[in-house]
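Trainee: There's a structure below that I have some questions on.
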Amino acid sequence: MPAVESNVLSFPDARRLVEEYALTLSPTPAEMLPLLDASGLVLAEDLRADRDFPPFPRATRDGFAIRSSDGITTPAALRCVGEIKAGATPEQAAIVVRQGECVEIMTGGSVPRGADAVVMIEYTDRSGDIITIRRAVTAGENIVAKGSEARRDDILVARGTRLHHAVIAIAAAIGRPELAVSRRPRVAILATGDEVVDINLQPGPNEIRNSNSYSLAAQVQNAGGEPMILPVAPDDAGELALLLRKGLEADLLLITGGVSMGKYDLVEQVLASFGANIFFTGAKIQPGKPIVFGEVKAAGRSTPLFGLPGNPVSTMVTFQLFAQPVIDALSGAKPQALTFAKATLKSEFTTRTGLTRFLPGRLGGTHDAPEVEWLRWQGSGDLMAASRANCYIVVPPDRERFAAGESISILLP
Ligand code: AMP
Ligand code: MG
C-alpha cells in the first residue's frame with residue numbers, strides 16, 4: 001500500500017483551502033420544485049419582481065388620508081368623504097381627496113388620488129363627517145410609495161441564494177408556486193470500523209452502534225444535501241476499497257473513522273491506492289485533528305471527499321468546519337462563512353496550547369448579556385455533552401486560561 005505524506009494545517013489554512021477548492025466546483029443540475037420543497041435549497045434562477053413593490057401607495061397605519069397641505073396647522077377640521085379598506089372595491093379606488101377633505105383608510109389600503117399623507121387615527125377626533133386632525137403631518141407620512149421597495153423586473157433575489165423563509169416570502173409575493181433550484185447534492189456516508197455495527201443489529205459487548213452515519217445524515221440534510229448511507233465498512237482494505245468505490249459515485253463522499261494513526265486506520269492508504277489527491281491529512285484543531293480532505297478523479301469526473309475522525313463529536317465538528325462549504329458550492333451557493341459571535345464566559349477553564357479548540361458550549365443569558373457555559377465533557381467521544389450544546393466555544397491555539405466573565409468567541413450552528 002502506498003504511504004500518505006502527512007500534511008497537517010492550521011485551522012485557518014485548512015478552512016481557506018477547502019473554501020478555495022469549493023469555488024472550483026460546479027453546481028448540480030437545476031430542477032423545478034414546489035415552493036416549500038425548495039426551502040433550504042439554492043436558487044438556480046434570479047427572482048424578478050413581476051410588478052412594482054408595493055404595487056400601489058400603501059397606507060401603513062389606520063387613520064385618514066389627507067392632503068398634507070391641509071394638515072400643516074392643527075387642529076384642522078376636514079370632511080370625511082369615504083372609506084378605503086385594504087383590498088379596496090372599484091368605487092373606493094375611484095375616490096379623489098380634494099382640499100378640505102379626507103378619507104378613512106385602513107393599514108394596507110391604497111392611498112387615494114389627491115391625498116399624500118395618512119394621519120393616525122390616534123391623532124384625530126370624529127364628530128359625524130367632520131374629522132379633527134390634532135397633530136401636524138408632513139407629505140408622505142405613513143405611506144410607502146408605489147415602487148419604492150422594488151421596481152417591476154428588478155432582481156429581488158439572485159441565483160445562488162439559499163432559500164430561507166424571507167426568500168420564500170418573496171417567491172410567494174411574486175407569484176411563484178415553483179422555483180428552479182439546484183438538485184440536492186448526493187452525499188455518500190461511509191462509516192468504518194470493526195467495532196461499529198448497524199443500528200438494527202444487537203451490538204456485542206465490545207461493539208458500538210453506528211451513530212456517526214446518522215448524525216452526519218442529519219447534518220447533510222440540514223445543509224441541503226441528500227444523504228446516502230452506505231453499509232459499515234470493516235477495517236479491511238479490500239472491503240473498504242469496494243465501499244469507497246461505491247461512495248465515489250456520489251457528489252461528495254464522507255468517511256468516518258479509520259483516519260487516525262492506529263494500525264487499522266486504513267482509509268488514507270486505500271484512497272492513495274485509488275490515486276487520490278490528498279490536500280491535507282489533518283488540522284491543528286480539537287476535536288477533529290486527523291481530518292483528511294482530498295478528491296479522487298475517475299471516469300472524467302472528480303469526487304471530493306473527507307475522511308472525518310470517528311469520534312462522534314469530532315465527526316460533527318469537522319462536518320460543520322469543512323464539509324459544509326463543499327455542500328454549499330455543490331448546491332450552487334457561495335460557501336457560507338462560519339458564524340462567530342462573542343459571549344461572556346460563565347465559569348473559568350484551562351486547556352493546553354497548540355490547537356484551535358471547539359468545545360461544546362451552552363449559549364444562554366439575556367438579549368443584552370449573552371453568556372456561554374463550557375459543558376464539561378469526557379472528550380470527543382462524549383455524545384451526551386454534544387447533545388446539550390448549542391454552540392462551540394472557540395479557543396485560540398495560544399491561550400491556556402480563561403477567567404469567568406471574560407468575553408470569548410463562540411461558533412454558532
Ligand atoms: P477511529 O477514528 O476509527 O479511530 O475511531 C475513533 C473512535 O470513534 C473510536 O472509539 C470508535 O469506536 C468511534 N467510532 C468510529 N466510528 C463510529 C461510528 N460510526 N459511530 C460511533 N462511533 C464511532
Ligand atoms: Mg476505527
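Trainee: Out of curiosity, is VAL18 within 30 Å of GLY307 (Cβ to Cβ), touching a helix residue (DSSP H, G or I) at 6+ places or on another chain (Cβ under 9 Å), aliphatic (A, V, I, L, M) and not in a loop (DSSP other than H, G, I, E, B)?
Mentor: Here the answer is yes, as VAL18 does meet what is asked.
Trainee: Among the residues of the stretch 29-64, how many are of a type in the set (Val, Ile, Thr) and within 16 Å of ILE168 (Cβ to Cβ)?
Mentor: Number of matching residues: 1.
Trainee: Do you know which of the residues in the stretch 267-294 that are free of Cβ contacts under 8 Å to residues at least 60 places away in the same chain and not β-branched (Val, Ile, Thr) is farthest from ligand 1 (Cβ to nearest atom)?
Mentor: GLY275
Trainee: Hey, another quick one. Does the stretch 37-52 include one or more residues that are in contact with a His (Cβ under 9 Å, 6 or more places away or on another chain), outside any strand (DSSP E or B) and surrounded by 17 or more Cβ atoms within 10 Å (Cβ to Cβ)?
Mentor: Within the stretch 37-52, one or more residues are in contact with a His (Cβ under 9 Å, 6 or more places away or on another chain), outside any strand (DSSP E or B) and surrounded by 17 or more Cβ atoms within 10 Å (Cβ to Cβ).
Trainee: Ok, one more. Name the residue, out of ARG98, ARG51, that is within 35 Å of the chain's Cα centre (by Cα), over 19 Å from GLU122 (Cα atoms) and not acidic (Asp, Glu).
Mentor: ARG51
Trainee: Further question on the same structure: Restricting to the stretch 281-329, name every residue that is more than 16 Å from ligand 2 (Cβ to nearest atom), β-branched (Val, Ile, Thr) and part of a helix (DSSP H, G or I).
Mentor: VAL317, VAL326, ILE327 - these are the residues of the stretch 281-329 that are more than 16 Å from ligand 2 (Cβ to nearest atom), β-branched (Val, Ile, Thr) and part of a helix (DSSP H, G or I).
Trainee: So, in the stretch 239-266, how many residues would count as being more than 16 Å from ligand 1 (Cβ to nearest atom) and farther than 17 Å from ASN212 by Cβ?
Mentor: Of the residues in that region, 7 qualify.
Trainee: Within the stretch 225-235, does at least one residue satisfy the condition of being more than 18 Å from ARG209 (Cα to Cα) and free of Cβ contacts under 8 Å to residues at least 40 places away in the same chain?
Mentor: no
Trainee: Within the stretch 265-281, identify whether any single residue is under 19 Å from GLU239 (Cβ atoms) and among the polar types (S, T, N, Q), and answer yes or no.
Mentor: Within the stretch 265-281 (the criterion being under 19 Å from GLU239 (Cβ atoms) and among the polar types (S, T, N, Q)), the answer is yes, since at least one residue qualifies.
Trainee: Do we find that SER347 is outside any strand (DSSP E or B), closer than 19 Å to ARG388 by Cβ, within 16 Å of ligand 1 (Cβ to nearest atom) and polar (S, T, N, Q) in this structure?
Mentor: Answer is no for this residue.
Trainee: Can you tell me which residue is surrounded by the fewest Cβ atoms within 10 Å (Cβ to Cβ) among those in the stretch 223-238 that are more than 16 Å from ligand 2 (Cβ to nearest atom) and more than 19 Å from SER302 (Cβ to Cβ)?
Mentor: Filtering the stretch 223-238 for residues that are more than 16 Å from ligand 2 (Cβ to nearest atom) and more than 19 Å from SER302 (Cβ to Cβ), the one surrounded by the fewest Cβ atoms within 10 Å (Cβ to Cβ) comes out as GLY238.
Trainee: Taking the stretch 130-169 only, how many residues are touching an Asp or Glu at 6+ places or on another chain (Cβ under 6 Å) and not in a loop (DSSP other than H, G, I, E, B)?
Mentor: Count: 2.
Trainee: When the residues of the stretch 330-343 are filtered to those that are part of a loop (DSSP other than H, G, I, E, B) and of a type in the set (A, V, I, L, M), which remaining residue is farthest from SER380 (Cα to Cα)?
Mentor: Result: ALA333.
Trainee: If a residue must be in a loop (DSSP other than H, G, I, E, B) and aliphatic (A, V, I, L, M), how many such residues does the stretch 78-105 contain?
Mentor: Number satisfying all stated conditions: 5.
Trainee: Examine the stretch 239-257 for a residue that is within 15 Å of ligand 2 (Cβ to nearest atom), at pLDDT below 95 and more than 13 Å from VAL187 (Cα to Cα), and state whether such a residue exists.
Mentor: So far as the stretch 239-257 goes, no, none of its residues is within 15 Å of ligand 2 (Cβ to nearest atom), at pLDDT below 95 and more than 13 Å from VAL187 (Cα to Cα).
Trainee: Filter the stretch 173-216 for residues that are under 24 Å from the mean Cα position of the chain (by Cα), part of a strand (DSSP E or B) and closer than 24 Å to LEU252 by Cα; which is farthest from ligand 1 (Cβ to nearest atom)?
Mentor: ALA180
Trainee: So, one more: List the pairs whose first member sits in the stretch 371-388 and is without any contact (Cβ under 8 Å) to a residue 24 or more places away in the chain and under 16 Å from LEU412 (Cβ atoms), whose second member is surrounded by 12 or more Cβ atoms within 10 Å (Cβ to Cβ) and charged (D, E, K, R), and whose Cβ atoms are under 6 Å apart, counting only residues at least 6 apart or on separate chains?
Mentor: From the stretch 371-388, the pairs are LEU375/ARG362; LEU375/ARG388.
Trainee: Okay, moving on. Within the stretch 264-316, can you find the residues that are within 22 Å of ARG186 (Cα to Cα), over 24 Å from the mean Cα position of the chain (by Cα) and of a type in the set (Phe, Trp, Tyr)?
Mentor: PHE274, PHE279
The values are calculated or read from the model by the stated rules, or taken from the named source; none is laboratory data. Model, not experiment: these values are computed from the prediction. No Cβ is skipped: glycine too gets one built from the backbone with ideal geometry, and neighbour counts run over all protein chains shown.
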